[in-house]
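Beneath this line is the structure, given in structure tokens, with notes to follow.
The values are calculated or read from the model by the stated rules, or taken from the named source; none is laboratory data. All values derive from a computational prediction rather than experimental measurement. Because the Cβ atoms are built from the backbone with ideal geometry, glycine has one as well, and the counts that use them run over all protein chains shown.
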Amino acid sequence: MKLVIVGGGGFRVPLVYRALSQGRFAGLIDSLVLVDADAGRAEAIRRVLDDMPLSGDAGLAARPPPGAGSGAAGGSAPDAGHRPEVEVRSDLRTALVGADVVFAAVRSGGLEGRVLDERVALGAGLLGQETVGAGGISYALRSIPDMMHVARLLQEHAPDAWLINFTNPAGMVTEALQTVLGGRVIGICDSASGLVTRACAAAGIPLAAGSLTGVDYVGLNHLGWLRGLMHDGEDRLPALLRDPARLLSFEEGRVFGPDLLRLLGALPNEYLFYYYFHREALRAVSSAGQTRGEILASQQHGLYPRLLEATHPFAVWEEARLARESGYLVEARRPDEQRELSDLAGGGYERVALQVMHALLTDTPAELILNVRNGTTFGGLPEDAVVEVPARVSGSGAVPLPASPLTVSQLGLMASVKGAEQQAVQAALRADRDAALKAFTLHPLIDSAHAAARVLQGYEEVFPGLRSFWRE
């Protein structure tokens, strides 16, 4: 089996490779092709993969120096028995030939584009965040055209391949891709599944691999709620919501606090922090010395050249990974609060992606929270809207599982955000500036039509290609 990663020089590719090389997914893929617009980045990541230790329980500990025995830091010698053959390609067309699965993790505009998404929004008095609000719409206007190019090449050179989309904003990008690929594209994100895993642990409920029986989760990408956890005939979520100590034992409980969670009667996805605490989030992001994109750019400055030169590039990459993870959603925490060690362990996107791939390639059904076509799941949303819900994935694709009706407040927020997202998708697909302006105007985190007009103009000024992108 052949897997192609578009965006193969991406920082998280080693996490995918580790999961492909040991454990339940080992041996599923024979050939791994890394494709990146920057061949040097892909080559740097290939060096990390070659240097990665794969001994059973060593996890992501640094590779021991040459000659060190099993007692050295990093554990026993890595087991290379299931390492897929890795190849770096610069031409996407030839790379796609013979592909069975394609992972797409493209950052259109790079970290520099992310910084501009954040700074322009802040300059207009709006929240500057990568996938939420103004920044998310701006990012979609770049990433959707790039991913549509990938979809058309995939349709031409590997029409039977599956596309698993990581590219953000994942919901909007997946919705656009479905206009070309239909059900052969599935969007993934790890935030919802991470919430379910942490909530189950706090509630003392075992979560069976490949099953979401009893899990009531509804929403859109980066906007959803865990509303129920049935176990042994009883919903265990209400008891968890009444227990401040257990709520404060995991990230979402700390982010939202026991009082708000008791009022909501549900556990929100962490990104709902930007909606429920909009003023606080905007104040925290505005007053910070650096945006999240600027922090990442600073952390990764010179990283890829170091990976190309280092004797042990995996150790360099791992140090950078831990620094990167520690600053995630920092505006939702107190200045003196650090992320829990368990949150820094990695294993999010790649775990979801490989479970999807395993189900598709082996026709072994699994239940996962995915970005899929709404259909008739929620009557208050368009059938072609992409929603993020528990879904059953098998060799024939992904189908949403039946869901309980939305509350009025859930439907209201989802419909408001989805209305803005669908305008952004149309703007990107049709080069329609009016649709883009409507997307900014309709989004609930952009509370002024004047601000919407200013922020779109601001993005046109810093992204020259955007102004020339619009059709007359």
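Pick from the range 431-451 the residues that are buried (at least 17 other Cβ atoms within 10 Å of the Cβ) and free of Cβ contacts under 8 Å to residues at least 24 places away in the same chain: which of them is farthest from Gln129 (Cα to Cα)?
If we take residues in the range 431-451 being buried (at least 17 other Cβ atoms within 10 Å of the Cβ) and free of Cβ contacts under 8 Å to residues at least 24 places away in the same chain, then Ala435 is farthest from Gln129 (Cα to Cα).
Taking the condition of being in a loop (DSSP other than H, G, I, E, B) and either touching a Phe, Trp or Tyr at 6+ places or on another chain (Cβ under 9 Å) or closer than 12 Å to Leu122 by Cβ (or both), how many residues in the range 275-301 meet it?
Pass one, the range 275-301, residues in a loop (DSSP other than H, G, I, E, B): 277, 288-291, 301.
Cutting the leftovers down to either touching a Phe, Trp or Tyr at 6+ places or on another chain (Cβ under 9 Å) or closer than 12 Å to Leu122 by Cβ (or both) gives us 277, 288, 290-291.
Residues in the range 275-301 being in a loop (DSSP other than H, G, I, E, B) and either touching a Phe, Trp or Tyr at 6+ places or on another chain (Cβ under 9 Å) or closer than 12 Å to Leu122 by Cβ (or both): 4 in total.
Would the range 280-292 turn up any residue that is of a type in the set (Val, Ile, Thr), over 24 Å from Phe378 (Cα atoms) and in contact (Cβ under 8 Å) with a residue 12 or more places away in the chain?
Let us first name the residues in the range 280-292 that are of a type in the set (Val, Ile, Thr), namely 285, 291.
Checking the rest, the ones that are also over 24 Å from Phe378 (Cα atoms) come to 285, 291.
Subset that is in contact (Cβ under 8 Å) with a residue 12 or more places away in the chain: 285, 291.
Yes, because at least one residue in the range 280-292 is of a type in the set (Val, Ile, Thr), over 24 Å from Phe378 (Cα atoms) and in contact (Cβ under 8 Å) with a residue 12 or more places away in the chain.
Would you list the helices (runs of 4 or more DSSP H) that sit entirely within the range 372-472 and hold 2 or more residues that are more than 30 Å from Ala209 (Cα to Cα) and touching a Leu at 6+ places or on another chain (Cβ under 7 Å)? Walk me through it before giving the result.
Working: elements: 408-430, 433-442, 449-462, 464-469.
In the range 372-472, 408-430, 433-442, 449-462 are the helices (runs of 4 or more DSSP H) which contain 2 or more residues that are more than 30 Å from Ala209 (Cα to Cα) and touching a Leu at 6+ places or on another chain (Cβ under 7 Å).
Tell me, which helices (runs of 4 or more DSSP H) lie completely within the range 133-250 with 2 or more residues that are under 24 Å from Glu350 (Cβ atoms), touching a residue at least 60 places away in the same chain (Cβ under 8 Å) and touching a helix residue (DSSP H, G or I) at 6+ places or on another chain (Cβ under 9 Å)?
On the way: elements: 134-157, 170-181, 191-203, 237-241, 244-247.
Qualifying helices (runs of 4 or more DSSP H): 134-157, 170-181, 191-203.
What single numbered condition from (1) surrounded by fewer than 21 Cβ atoms within 10 Å (Cβ to Cβ); (2) at pLDDT 95 or above; (3) under 28 Å from Leu381 (Cα atoms) fails to hold for Asn221?
Of the numbered conditions (1) surrounded by fewer than 21 Cβ atoms within 10 Å (Cβ to Cβ); (2) at pLDDT 95 or above; (3) under 28 Å from Leu381 (Cα atoms), the odd one out for Asn221 is (1).
Please state which of the following conditions Ala99 fails to meet, knowing it meets all the rest: (1) buried (at least 23 other Cβ atoms within 10 Å of the Cβ); (2) closer than 24 Å to Arg351 by Cβ.
Only one criterion is unmet by Ala99, namely (1).
Does the range 140-152 contain at least one residue that is in contact with a Pro (Cβ under 8 Å, 6 or more places away or on another chain), among the hydrophobic types (A, V, I, L, M, F, W, C) and modelled with pLDDT of 95 or more?
Going through the range 140-152, the residues in contact with a Pro (Cβ under 8 Å, 6 or more places away or on another chain) turn out to be 140, 143.
From what is left, the residues that are among the hydrophobic types (A, V, I, L, M, F, W, C) are 140.
Now restrict to residues that are modelled with pLDDT of 95 or more: 140.
Checking the range 140-152: at least one residue is in contact with a Pro (Cβ under 8 Å, 6 or more places away or on another chain), among the hydrophobic types (A, V, I, L, M, F, W, C) and modelled with pLDDT of 95 or more.
Checking Val408 against (1) under 24 Å from the mean Cα position of the chain (by Cα); (2) under 27 Å from Glu383 (Cα atoms), only one condition comes out false. Which one?
For Val408, the exception is condition (1).
Tell me which residues, restricted to the range 20-42, are in a helix (DSSP H, G or I) and within 14 Å of Glu85 (Cα to Cα). Before the answer, list the steps.
Restricting attention to the range 20-42, the residues satisfying the condition of being in a helix (DSSP H, G or I) are 20-21, 23-25, 39-42.
Residues satisfying the conditions are Leu20, Ser21.
Residues checked against (1) surrounded by 15 or more Cβ atoms within 10 Å (Cβ to Cβ); (2) aromatic (Phe, Trp, Tyr); (3) at pLDDT 90 or above:
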residue	(1), (2), (3)
Gly253	yes, no, yes
Gly265	no, no, yes
Glu294	yes, no, yes
Gln299	yes, no, no
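Just the residues that are crowded, with 16+ Cβ neighbours inside 10 Å and more than 14 Å from Arg41 (Cβ to Cβ), please, taken from the range 301-315.
Result: Ala310, His312, Phe314, Ala315.
How many residues are under 15 Å from Leu195 (Cβ atoms) and not charged (D, E, K, R) if we restrict to the range 261-285? Quick ask: steps written out before the conclusion?
If we filter the range 261-285 for residues that are under 15 Å from Leu195 (Cβ atoms), which is where we start, we get 261, 264, 266-273, 276.
Narrowing the set further to residues that are not charged (D, E, K, R) leaves 261, 264, 266-269, 271-273, 276.
Qualifying residue count, the range 261-285: 10.
Go through the range 1-43 residue by residue and tally those that are free of Cβ contacts under 8 Å to residues at least 60 places away in the same chain, surrounded by 20 or more Cβ atoms within 10 Å (Cβ to Cβ) and over 16 Å from Val101 (Cα atoms).
2
Determine which single condition Ala310 fails, assuming it passes every other condition in (1) farther than 21 Å from Leu127 by Cα; (2) small (Gly, Ala, Ser); (3) at pLDDT below 90.
For Ala310, the exception is condition (3).
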